[in-house]
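Below is one structure, written out as structure tokens; comments come after it.
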Amino acid sequence: MPIIEPSGEQKPAKPGQRILDLIESPEALVAEVNGRLVDLSYRLQDDEEVRLLTFETPQGRETFWHTASHILAQAVKEFFPHAKLTIGPPIEQGFYYDFYLGDQTFSPEDLEAIEAKAKEIIQRDLEIVREELPKEEAIRLFKDLNEPFKVELLQEMDEDVVSVYRQGSFVDLCRGPHLPRTGYVRAFKVLSASAAYWRGDERGPVLQRIYGIAFPTEEALEEYLHRLEEAKRRDHRTLGKQLDLFSFTPEVGPGLVLWHPRGALIRRIIEDFLFQEHLKRGYQPVYTPHVGRAVLWQTSGHLDFYRENMYPSMELENEEYFVKPMNCPFHIQIYKSKLRSYRELPIRYMEFGTVYRFERSGVLHGLTRVRGFTQDDAHIFATPEQVEDEIIGVIDLALFVLKRFGLENFEVFISTRPEKYVGTPEMWDLATRALIQAAEKSGLSYEIEEGEGAFYGPKIDLTIRDALGRPWQCTTIQFDFNLPEKFNLVFRDSEGKDRRPIMIHRALIGAFERFFGLLIEHYAGNFPLWLAPEQVVVIPISEKFLTYAENVTQKLQGAGFRVLLDRRSEKMGYKIREHEMQKVPYMLIVGKREQESGTVSVRKHGVGDMGTMTVEEFQSHLQEELQSS
């Protein structure tokens with residue numbers, strides 16, 4: 001029975017021994033025993049393989065942050081004994097815990113005191129002990145502790161035996177696992193507080209949520225806080241306003257984006273690039289309505305399974321209509337407009353289709369979570385024999401597109417058949433195998449997410465990391481065995497028989513709105529030359545040189561560059577600072593010297609003075625930069 005240290009070294013162990021008593025690595029936080037996560041206090045049984053996990057693993061981080069959430073909860077209870085515990089999970093970066101305080105909220109001073117109390121609990125180095133109790137005994141325990149939310153959770157559990165964790169006088173309902181002692185958490189920070197609803201139901205009690213972060217070292221915490229400040233500096237909501245790219249207004253409604261001219265121009269550049277690349281790869285453009293009859297959404301299943309995310313219906317001439325949450329049923333109608341032959345397949349329809357989904361106001365977040373958005377949507381109808389090549393083609397296009405935007409750090413996830421599914425196992429095996437082989441032939445490493453596919457088909461997702469290393473899910477390729485059945489899609493094969501095509505949903509960048517938010521934050525608003533709304537601004541020193549500035553502007557515009565002429569009578573320093581704030585890539589200053597010599601003085605954003613060039617030399621400089629980007 002081996003114990004595998006984080007270094008890979010194996011050590012022998014015997015049944016009945018505690019893992020904690022056998023290990024030497026101070027970095028070990030939690031153990032994986034035959035694929036199951038357990039506390040380090042776990043006593044070994046026969047024929048078990050034990051792998052020790054550190055903070056560098058996802059499971060180790062989750063365990064660390066889950067324990068930190070319990071430390072936070074204990075700190076709140078010691079500071080506010082009347083607070084009621086609800087839930088406190090680890091999240092992608094850190095953790096939170098929700099508390100019920102009645103009408104009370106946490107002030108900034110409260111958060112400082114809670115953080116200090118949490119650090120005190122860490123210093124106490126309390127042992128964290130797991131106990132298993134009959135469910136009824138656990139219910140009595142939390143009733144005695146006056147924790148009604150824990151009682152509610154327990155009453156809904158199916159298990160006869162549940163686990164609780166104790167640290168000092170604090171006890172919480174939890175499946176675990178947890179760290180052995182509170183002292184393992186050496187760096188702890190309370191980040192913020194906000195309101196939340198119990199179980200996300202806006203009709204339920206209003207809770208107070210505290211977010212926090214914790215690390216094994218102070219150095220790691222300092223590095224994280226630095227990244228957090230950098231993320232705030234890059235926040236697309238702040239930069240969107242500063243750069244005059246987009247806005248939201250109460251009059252239009254939450255989650256509905258107004259694209260300003262500068263933002264709309266960048267979006268059009270992205271759309272034009274994507275449109276041309278799709279045409280090169282055999283996609284056919286289509287346009288579809290924004291509304292459709294209820295029968296369409298009834299057939300697709302949206303009314304049964306997705307209605308709460310759809311906008312309310314409207315009645316027109318005694319017919320019920322809905323604004324579309326998806327484009328796929330419309331593309332299916334185009335496919336069905338005539339009998340299809342196997343010789344026509346694969347058919348690839350693409351549309352920059354605007355859809356509307358009712359997101360709760362509490363989850364709306366700038367451009368990254370909105371109610372109306374446009375997808376770079378496409379649907380491929382193929383024979384079973386064609387699917388692998390089609391997936392390879394989509395992956396190739398996705399990698400090309402994302403790399404063009406400077407996004408080159410990818411993670412790939414393939415989601416397989418869940419317990420409940422439509423279609424046959426043979427269809428699922430064929431589709432899953434096609435995804436795996438396409439990923440391998442494309443040179444991509446990938447992770448299999450067992451059972452995480454949608455009920456209607458397996459999928460492959462490309463998650464990218466931005467300049468700060470944050471994950472963003474962009475490309476998704478999704479098989480669908482459900483809609484071809486529901487809409488009775490067929491094609492005629494070489495023997496004259498009707499067969500069911502395989503349908504593939506795919507998006508490369510996803511929603512334009514979300515992708516634009518990603519780009520703003522990835523570039524910190526410093527768009528590369530090919531994406532910048534204005535590539536050059538020409539600034540005459542005074543009105544006397546306006547005619548020469550107009551000539552320079554016209555030459556560059558005639559060469560195809562996006563150029564702004566600043567005609568305002570403001571002071572030169574003010575105009576330079578303003579355009580620097582607008583992150584315009586190049587400023588051309590023209591005055592007497594430049595007019596007489598037929599040159600321009602060049603300033604590059606973030607760099608400063610680049611000296612004097614002729615207009616032709618500057619034009620060549622721009623072309624070289626565009627070609628190399």
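Restricting the range 193-203 to residues that are surrounded by 12 or more Cβ atoms within 10 Å (Cβ to Cβ) and without any contact (Cβ under 8 Å) to a residue 40 or more places away in the chain, the residue that is nearest to residue 148 (Cα to Cα) is 199. Scanning the range 322-360 for residues that are assigned to a strand (DSSP E or B) and buried (at least 17 other Cβ atoms within 10 Å of the Cβ) turns up 322, 323, 347, 348, 349, 350, 351, 352, 353, 354, 355, 356. When 63, 86, 67 are checked against the criterion of being of a type in the set (Ser, Thr, Tyr), at pLDDT 95 or above and over 24 Å from residue 41 (Cα atoms), a single residue qualifies: 86. Criterion first (over 16 Å from residue 546 (Cα atoms) and modelled with pLDDT under 90) does residue 606 satisfy it? When the stated conditions are applied, residue 606 passes them.
Cβ-Cβ contacts under 8 Å between residues 6 or more apart (or on different chains), taken from a first residue in the range 545-561 that is under 12 Å from residue 594 (Cα atoms) to a second residue that is of a type in the set (Gly, Ala, Ser) and surrounded by 15 or more Cβ atoms within 10 Å (Cβ to Cβ), are listed as 545/591.
Going residue by residue through the range 368-385, is there one that turns out to be acidic (Asp, Glu), in a strand (DSSP E or B) and out of contact with any Phe, Trp or Tyr (no Cβ under 8 Å at 6 or more places or on another chain)? So far as the range 368-385 goes, no, none of its residues is acidic (Asp, Glu), in a strand (DSSP E or B) and out of contact with any Phe, Trp or Tyr (no Cβ under 8 Å at 6 or more places or on another chain). Looking at the range 270-304, which of its residues are surrounded by fewer than 18 Cβ atoms within 10 Å (Cβ to Cβ), assigned to a helix (DSSP H, G or I) and in the same structural domain as residue 358 (by TED's automatic domain parsing)? 271, 272, 273, 275, 276, 277, 279, 280, listed by residue number. Might you check whether a residue that is closer than 18 Å to residue 456 by Cα, among the aliphatic types (A, V, I, L, M) and not assigned by TED's automatic domain parsing to the domain that holds residue 432 occurs anywhere in the range 362-380? No, that holds for no residue.
Tell me, please, whether a residue that is within 29 Å of residue 405 (Cβ to Cβ), among the small types (Gly, Ala, Ser) and either touching a helix residue (DSSP H, G or I) at 6+ places or on another chain (Cβ under 7 Å) or in contact (Cβ under 8 Å) with a residue 40 or more places away in the chain (or both) can be found in the range 604-612. Break it down stepwise before answering.
The initial filter retains those residues of the range 604-612 that are within 29 Å of residue 405 (Cβ to Cβ), namely 604-608, 610.
Now drop any that are not among the small types (Gly, Ala, Ser), which leaves 606, 608.
Subset that is either touching a helix residue (DSSP H, G or I) at 6+ places or on another chain (Cβ under 7 Å) or in contact (Cβ under 8 Å) with a residue 40 or more places away in the chain (or both): 606.
Yes, that holds for at least one residue.
Would you tally the residues in the range 87-139 being on the phi > 0 side of the Ramachandran plot and either surrounded by fewer than 13 Cβ atoms within 10 Å (Cβ to Cβ) or not in a strand (DSSP E or B) (or both)? Adding up the residues that qualify gives 2.
Please verify whether the range 91-114 includes one or more residues that are of a type in the set (Asp, Glu), touching a Pro at 6+ places or on another chain (Cβ under 9 Å) and touching a residue at least 60 places away in the same chain (Cβ under 8 Å). Lay out the reasoning, then the answer.
Here is the first cut: in the range 91-114, the ones of a type in the set (Asp, Glu) are 92, 98, 103, 109-110, 112.
Narrowing the set further to residues that are touching a Pro at 6+ places or on another chain (Cβ under 9 Å) leaves 92.
Add one more test, that the residue is touching a residue at least 60 places away in the same chain (Cβ under 8 Å), and what stays is 92.
Taking every residue of the range 91-114 in turn, at least one turns out to be of a type in the set (Asp, Glu), touching a Pro at 6+ places or on another chain (Cβ under 9 Å) and touching a residue at least 60 places away in the same chain (Cβ under 8 Å).
Which ones in the range 1-32 are under 31 Å from the mean Cα position of the chain (by Cα) and over 14 Å from residue 181 (Cα atoms)?
Taking the range 1-32 and keeping what is under 31 Å from the mean Cα position of the chain (by Cα), we get 6, 27-32.
Across the range 1-32, the qualifying residues are 6, 31, 32.
Suppose we keep only residues that are in contact with a Phe, Trp or Tyr (Cβ under 6 Å, 6 or more places away or on another chain) and assigned to a helix (DSSP H, G or I) within the range 421-445. Which one would you say is nearest to residue 458 (Cα to Cα)? Among residues in the range 421-445 that are in contact with a Phe, Trp or Tyr (Cβ under 6 Å, 6 or more places away or on another chain) and assigned to a helix (DSSP H, G or I), the one nearest to residue 458 (Cα to Cα) is 431.
The values are calculated or read from the model by the stated rules, or taken from the named source; none is laboratory data. Computed from a predicted structure; not experimentally measured. Neighbour counts run over all protein chains shown; Cβ positions are idealised from the backbone, glycine included.
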